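For reference, the structure is listed below as structure tokens.
Nothing in this text is a laboratory measurement; each read-out follows from the coordinates by a stated rule. As the structure is a prediction and not an experimental result, all values here were calculated from the model. Cβ placement follows ideal geometry from the backbone for every residue including glycine, while neighbour counts extend to all protein chains displayed.
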Amino acid sequence: MKVRKIIAILAIAALVSCEDDDGPDTSRIIVGGPTDSVDPGGETGGGETTDDPLLYNATEYLKDIVNFPMGNIVSAAKLSNSSQDEFREVLGNEYNSITAENDMKMASMYVGPDDYNWSDGDEIVDYAKANGLRVHGHALVWHSSIPGWLNSFDGTDEEFETLIENYIKETVAHFAEVKDDNGNSIVASWDVVNEIWDGPVLRGTLFREKMGDDYASKLFTWAREADADVKLFYNDYNIAGEPGKRNSIINMVSDFQANNVPIDGIGMQMHLNHNWPTDDLPLSIEQIAGTGLLVHISELDVKANYGDDVTELTQERAEEQEDQYQRAGYYYTELVPEAQQHGITIWGFRDSESWLYDGGNDWPLLYDNEFNTKIAHRGLVAGLNGEAVE
Ligand code: XIL
């Protein structure tokens with residue numbers, strides 16, 4: 001343990017990668033450095049982590065296990081913050097795809113009529129280019145990320161629609177500009193629209209009200225007009241877990257396909273609970289893959305305290321969470337044909353940074369508050385390696 005920490009400290013101080021060529025070494029895999037160096041948040045889960053049954057010493061980095069991209073979320077602020085060395089190190093070790101948690105949403109980017117602030121997105125794209133990462137764009141249109149000025153827009157419906165068309169086209173064209181060495185855009189894909197289904201029925205949103213029930217197809221068409229190559233995704237939650245909602249989405253996609261509305265993929269958010277869903281998890285992955293489109297597990301996390309019935313992450317809960325991560329990784333790897341695997345993106349790093357942390361009442365992610373790998377990580381590794389849960 002001491003050796004591991006010393007190595008981590010030296011590595012951070014020298015700003016060198018923890019990877020070298022002397023083979024697997026558990027001391028190199030967990031990158032948690034001294035707990036007092038980067039721990040704004042939280043509880044101390046520290047101590048002798050190898051003795052802590054909630055943690056384990058990882059021997060494989062996620063991205064090295066699979067042939068599809070492994071992603072996690074970022075913000076421009078964290079990518080440039082000098083106190084976030086450890087975050088960037090884990091990011092570089094384990095992931096090769098990034099999604100902006102909030103910086104590339106409409107409320108962040110569309111700051112006034114035909115007025116854009118892409119600066120945070122640009123920083124993320126530049127970081128990705130410099131570090132050989134893919135960017136998955138998230139999300140052009142979402143009812144929960146509407147800028148105030150647009151919410152109170154009092155022009156005609158036609159004017160509203162033109163504003164949205166301009167926004168989609170300008171934004172997609174802008175982010176198509178930065179290319180990798182092969183001439184491919186760093187932003188390889190976009191969630192064009194997020195969460196338009198409310199259970200099995202179309203959600204009432206500002207966009208639907210102003211643009212009509214077929215607004216999603218217009219958004220996809222505009223995005224394609226702006227960039228012929230970028231992969232266009234529909235993204236939603238509970239696609240696993242709510243068969244009625246899933247059917248509506250699959251019907252929408254068939255409709256798009258029959259009418260030449262451009263769509264390349266489906267993002268299954270995968271905000272799971274430790275014990276939900278069960279049988280519907282593989283079934284949903286199979287059915288979504290059955291559309292023939294790309295499949296992205298786009299926001300994976302696993303709540304361990306959905307019922308608010310525990311006050312700490314118990315061993316039993318941690319093991320159930322580990323199993324659920326394993327199932328997600330296993331079924332994705334086994335059931336989605338390789339050509340359709342857009343990747344798996346985890347929605348956060350340390351528990352304390354999760355949107356579901358709930359002031360310390362839940363622990364949904366792969367790393368504890370000191371960046372030690374939880375046994376949830378072990379579950380995901382096993383699933384990605386093709387090991388089914390017993
Ligand atoms: C969440 C972010 O994690 C939070 O920081 C933000 O306050 C709200 O949005 N589904 C999505 C994501 O598609 O964009 C959401 O992200 C989580 C649910």
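Between Leu202 and Ser82, what FRET efficiency follows from the Cβ-Cβ distance if R0 is 56 Å, with the result rounded to 0.05?
After rounding to 0.05, the efficiency reads 0.75.
For region 63-371, a simple Cβ point-charge model (Lys and Arg +1, Asp and Glu -1, everything else neutral) yields a dipole of about 640 debye relative to the Cα centre.
Based on the convex hull around the alpha carbon atoms, region 119-251 presents an average projected area of 8.9 nm². Annotation: extensible slack from Glu159 through Asp229 equals 22.4 nm (criterion: 0.36 nm per residue apart, minus Cα-Cα distance).
Evaluating 6.51 cos²θ - 1.76 cosθ + 1.60 at θ = phi - 60° for every residue in region 210-224, the Karplus couplings come out as 8, 10, x, 5, 9, 5, 4, 5, 5, 4, 5, 5, 5, 4, 5 Hz, glycine and proline recorded as x. What angle do you read, to the nearest 10 degrees and between 0 and 90, between the alpha-carbon axis of helix 280-289 and the longest principal axis of the chain? Helix 280-289 and the main axis of the chain meet at about 50 degrees. The long axis of helix 119-131 is offset from the longest Cα principal axis of the chain by roughly 50 degrees. Multiplying the residue separation of Asn131 and Asp358 by 0.36 nm and removing their Cα-Cα distance gives an extension gain of 78.5 nm.
Per-residue ellipticity at 222 nm from helix content only, as computed over the chain with -39500 (n - 2.57) for each DSSP H run of at least four residues, stands at -11500 deg cm²/dmol.
What's the FRET efficiency of Asn67 with Ser254 using the Cβ-Cβ distance as r and R₀ = 25 Å, to the nearest 0.05? About 0.30, to the nearest 0.05. I want to make sure I understand the PRE zone here: with the label point 7 angstrom from the Cα of Asn184 toward its beta carbon, which residues in region 126-158 have backbone N atoms less than 19 Å away? Those under the cut-off are 126-138.
Beta bridges per DSSP, both residues in region 63-371: antiparallel share near 15 percent.
Just rank Glu195, Glu209, fewest to most, by other beta-carbon atoms within 10 angstrom.
Glu209, Glu195
Report the residues of region 52-67 in range of a label on Glu338: point 7 Å along Cα→C-beta, backbone N strictly under 13 Å from it. So the set is 66-67. In this structure, the amide hydrogen of Val178, modeled 1.01 Å from its nitrogen in the peptide plane, lies closer than 5 angstrom to those of Ile186, counting only residues at least 5 positions away or on a different chain.
Considering all C-alpha pairs of region 63-371, those separated by over 23 Å amount to 56%. For Glu387 and Asp279, a Förster radius of 22 Å and the Cβ-Cβ distance give a FRET efficiency of 0.70, rounded to the nearest 0.05. Here region 181-229 and region 320-367 have alpha carbon centers that stand 24 Å from each other.
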